[in-house]
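Notes to accompany the following structure.
Only the coordinates and a few stated rules stand behind these numbers; no lab work does. Since this is a predicted model, take the numbers as computed values, not measurements. No Cβ is skipped: glycine too gets one built from the backbone with ideal geometry, and neighbour counts run over all protein chains shown.
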Amino acid sequence: MVFVVGDMEIATVGTDGDDRAIEFLVRPEGVLEEARFAIFREHDQDWDSARLAIDPHSGSVPLAAVEWAVEFAREYL
């Protein structure tokens with residue numbers, strides 16, 4: 001799924017087999033490279049145990065994209 005949030009395009013590119021992780025690609029307007037990050041949580045854990053992982057090969061990830069992704073993940077994970 002692809003979403004437009006402000007001046008960014010955010011895509012969900014994958015979930016793990018049991019829906020405990022969502023991977024995101026974000027491309028702010030005017031930026032050539034996409035940033036990649038994921039939000040995940042462990043089985044049988046509540047939302048407070050969720051974690052953010054950023055691909056080390058990504059450039060900087062806009063905070064607004066992370067804020068949006070957290071709200072999306074709260075609904076989905």
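In degrees between 0 and 90, to the nearest 10, how far off the longest principal axis of the chain does helix 63-76 point, with axes built from Cα atoms?
Result, in degrees: 40.
Hey, quick one: spin label on Arg20, modelled 7 Å out along Cα-Cβ, who in the stretch 49-77 has an amide N within reach, i.e. under 17 Å?
In the stretch 49-77, the label zone of Arg20 (backbone N under 17 Å from the point 7 Å along Cα→Cβ) covers 49-53, 74, 76-77.
For the chain, max minus min Cα coordinate along each principal axis, in Å, sorted largest first?
Taking the Cα atoms of the chain, the three principal extents are 41, 23, 21 Å.
Residue separation times 0.36 nm, minus the C-alpha to C-alpha distance between Phe3 and Glu29: what's the value?
8.1 nm
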